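Novice: The structure follows.
The values are calculated or read from the model by the stated rules, or taken from the named source; none is laboratory data. This structure is a prediction, so every number in the text was calculated from the model and none was measured. Here the Cβ is made from the backbone with ideal geometry for all residues, glycine too, and neighbour counts use every protein chain on show. What goes into the accessible areas is simple: the full protein's heavy atoms, side chains included, and nothing from ligands, DNA or RNA. Shrake-Rupley method; radii C 1.70, N 1.55, O 1.52, S 1.80 Å.
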Amino acid sequence: MNDTREVICRPRWKGAWWFLAGLGAIATTAAVALWAVSGVCAWLGTGLLSVPVGLLSLHRATVRVHADARGLHVRALLRHRSLPWSDVADLRVRLRNGNASRGEESRRVIAVLRDGRRRRLPLPLGWTSHDPDFDDTLDALRTLHRRHGTPVSAHLPVVSHRTVGRGWAGSLALCALLLAGAGLAARSVPDAGATERAWKSAVPCTASTPAADRSECLTFLPAVIERTELNRSRHDSSLLYFTDARPMRRQGVSDEAALEFRPGDRVRLTLWRGEVRTVAGDRHVWHGHIPGAGETAVLAAVPALLAGYPAARVLIRLRGRHRPDDEVLPSALPFAAVLTVTGLWLLPLCHFYFAVPLGRPAALTWAAAGTLTSLALLAWAWRATRIRVPGAAGAAGAPGAAGAAGGPPAADDGEADDGEVFVRARFLEPTDYNPHCFGTHIVLGGGAPPAVAPHSGPGRYAARPIPVDRLTLRGVRRARGSDGDTVPTGWHVAELDDGGTPVRLAAAPADLTRVLDRLT
């Protein structure tokens, strides 16, 4: 790629995109013609649905990206723009994961400008984690950028859903949506409580009850069951059909009621506010469910708790806003644990506070104890999700670089005397001591050199010794998007030199320090 002078990116399957564009145009034209002849609006709606499909296909068929010594040039259906290399600060990859087990992921190239703005290039486009065409095109673009521009970073930044540069607008919108739903549900709590109390206090209607007030009293109607229909679907209820459609054709009931009632059973229907609330027979009584204030309060609290998780993701991204865009952020799972524990005491409190009146001292005690517990866990989650930056010990050129003394390392921390210790760590590149990246642990101590093992012990079965004399420590950093999803969010990565070949070793901060001490 050193002799690269220009790069031209055209869409794959260009003929298929043109075919879809033509198909969309034909469908739109035919639908409009049928609408004009028949006057049926459904044809016009079909034509309008075909327009965006045709336009999108036409855009994909005509888009082109051309890079030369002057910069990046993007040509689309109705737009043309150019980005000089002097305005481009960096080229990075935007990664969107698909099916990780099949290696499916969408990769796009992002041009970051000097003023901080980002421009996503429509091409090249990669659909798998190992796409030679995408990789070759990206290498050619970076070569042109290095030759005619000034990149701000030597490595290729990869932005994924776990990194700083992904953004937090989606999480913020989801949080706001859940909070809005919780607010709407909370507004209906008083109405649900009033409905529940009215049902419990309702009395049978009498002959003197005015017609306008009969919806608030109980009306009893006889009926005979003609047949039952059991519906095992979760979305639909089972049905009772009444003889001669009196007083109605059918009534939805639970599956249990549909199994208990038999054809020919004489039942009594209880109507309240225009709905059947009870179906009573000799062998079974079905009661229609009326949501109470307690249940509605729980339904309001659940989305409020769920909103805490996207809010925690926004908080973590705000805490890491000064970190590089391709740096992996800590996981929000500690905050999920806080929300789970909070739900264990908050949801029962919401239910019992409205359903079964609690005394003020009991409610205050319950709420105070739960709040203190949640605050303590919140402090723990805040500390667990802090961004841990590698210290000076991991700096490049630190004393005790691996392989400086040669030979097997000396035992430390009593590992040689106490036996072997298996540390969860992995090399990210395939090497002779880590073929096909099979290693998941590093075994230390036991009077033997460190080794890569595909298991957590005991014993060194299938372990491969690490050639300590070949390794030199270059630096320690936080995990990046280019390290892959196999590296947990809280791990650090040590960059090593293996006889002139760069390799990466990933582990939790404390474990990585322990392993590097044995390798130095």
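Novice: Inside the range 327-366, can you point out the residues that are assigned to a loop (DSSP other than H, G, I, E, B), touching a residue at least 12 places away in the same chain (Cβ under 8 Å) and surrounded by fewer than 17 Cβ atoms within 10 Å (Cβ to Cβ)?
Specialist: Correct list: 356 only.
Novice: Just name the residue that is surrounded by the most Cβ atoms within 10 Å (Cβ to Cβ) out of those in the range 47-72 that are more than 34 Å from the chain's Cα centre (by Cα) and more than 29 Å from residue 31 (Cα to Cα).
Specialist: The residue in question is 67.
Novice: Let me ask something else. Regarding residue 376, is this residue of a type in the set (Gly, Ala, Ser) and either closer than 28 Å to residue 191 by Cβ or open to solvent by less than 60 Å² (accessible area, probe 1.4 Å) (or both)?
Specialist: So residue 376 does not fit the description; no.
Novice: Continuing with this model, one more query. Condition (residue is open to solvent by less than 40 Å² (accessible area, probe 1.4 Å), assigned to a helix (DSSP H, G or I), among the aliphatic types (A, V, I, L, M) and over 30 Å from residue 192 (Cβ atoms)) applied to the range 314-326: is it met by at least one residue?
Specialist: Yes, the range 314-326 contains a residue that is open to solvent by less than 40 Å² (accessible area, probe 1.4 Å), assigned to a helix (DSSP H, G or I), among the aliphatic types (A, V, I, L, M) and over 30 Å from residue 192 (Cβ atoms).
Novice: Is there a residue in the range 224-236 that is in a helix (DSSP H, G or I) and in contact with a Leu (Cβ under 6 Å, 6 or more places away or on another chain)?
Specialist: Checked the range 224-236: no residue is in a helix (DSSP H, G or I) and in contact with a Leu (Cβ under 6 Å, 6 or more places away or on another chain).
Novice: Kindly list, by first and then second residue, each pair from a residue in the range 263-274 that is closer than 21 Å to residue 229 by Cα to a residue that is part of a strand (DSSP E or B) and acidic (Asp, Glu), limited to pairs with Cβ atoms under 7 Å and residues at least 6 apart or on different chains.
Specialist: Taking only residues 6 or more apart or on different chains, the pairs are 263/226.
Novice: From the residues in the range 165-189 that are at pLDDT below 90 and surrounded by fewer than 16 Cβ atoms within 10 Å (Cβ to Cβ), which one is nearest to the chain's Cα centre (by Cα)?
Specialist: 170
Novice: Please return the ranges of strands (runs of 3 or more DSSP E) entirely within the range 244-313 where 3 or more residues are surrounded by 14 or more Cβ atoms within 10 Å (Cβ to Cβ) and of a type outside the set (Val, Ile, Thr).
Specialist: In the range 244-313, the matching strands (runs of 3 or more DSSP E) lie at 250-253, 266-272.
Novice: With the requirement that a residue be surrounded by fewer than 15 Cβ atoms within 10 Å (Cβ to Cβ) and under 15 Å from residue 144 (Cβ atoms), what does the range 73-91 give you?
Specialist: Scanning the range 73-91 gives 82, 84, 86.
Novice: Collect the residues in the range 476-506 that are on the phi > 0 side of the Ramachandran plot and in contact (Cβ under 8 Å) with a residue 40 or more places away in the chain, keeping them in residue-number order.
Specialist: 484
Novice: Before we move on, is residue 173 in a helix (DSSP H, G or I) and of a type in the set (Gly, Ala, Ser)?
Specialist: yes
Novice: Go through the range 96-136 and give me each residue that's acidic (Asp, Glu), under 20 Å from the mean Cα position of the chain (by Cα) and either exposed (fewer than 15 other Cβ atoms within 10 Å of the Cβ) or modelled with pLDDT of 85 or more (or both).
Specialist: If the condition is that a residue be acidic (Asp, Glu), under 20 Å from the mean Cα position of the chain (by Cα) and either exposed (fewer than 15 other Cβ atoms within 10 Å of the Cβ) or modelled with pLDDT of 85 or more (or both), then 104 is the only one that fits.
Novice: Can you report the number of residues in the range 487-520 which are over 27 Å from residue 385 (Cβ atoms) and open to solvent by 10 Å² or more (accessible area, probe 1.4 Å)?
Specialist: 7
Novice: Please specify each residue of the range 200-215 satisfying the condition of being assigned to a loop (DSSP other than H, G, I, E, B) and either touching a residue at least 40 places away in the same chain (Cβ under 8 Å) or within 27 Å of residue 291 (Cβ to Cβ) (or both).
Specialist: If the condition is that a residue be assigned to a loop (DSSP other than H, G, I, E, B) and either touching a residue at least 40 places away in the same chain (Cβ under 8 Å) or within 27 Å of residue 291 (Cβ to Cβ) (or both), then 201, 202, 203, 205, 209 are the ones that fit.
Novice: If you don't mind, there's one more thing I want to ask. Could you count how many residues in the range 429-465 are in contact with a helix residue (DSSP H, G or I) (Cβ under 7 Å, 6 or more places away or on another chain), aliphatic (A, V, I, L, M) and open to solvent by 10 Å² or more (accessible area, probe 1.4 Å)?
Specialist: So the count comes out to 0.
Novice: Taking residue 234 as meeting all but one of (1) open to solvent by 90 Å² or more (accessible area, probe 1.4 Å); (2) modelled with pLDDT under 90; (3) over 30 Å from residue 186 (Cα atoms), write down the number of the exception.
Specialist: (3)
Novice: Next up: Has the range 472-486 got any residue that is over 23 Å from residue 499 (Cβ atoms), outside any loop (DSSP other than H, G, I, E, B), open to solvent by 30 Å² or more (accessible area, probe 1.4 Å) and modelled with pLDDT of 85 or more?
Specialist: yes
Novice: I've got another one for you. Pick from 195, 219, 206: which is of a type outside the set (Phe, Trp, Tyr) and loosely packed, with under 13 Cβ neighbours inside 10 Å?
Specialist: Selected residue: 206, the only one of 195, 219, 206 that is of a type outside the set (Phe, Trp, Tyr) and loosely packed, with under 13 Cβ neighbours inside 10 Å.
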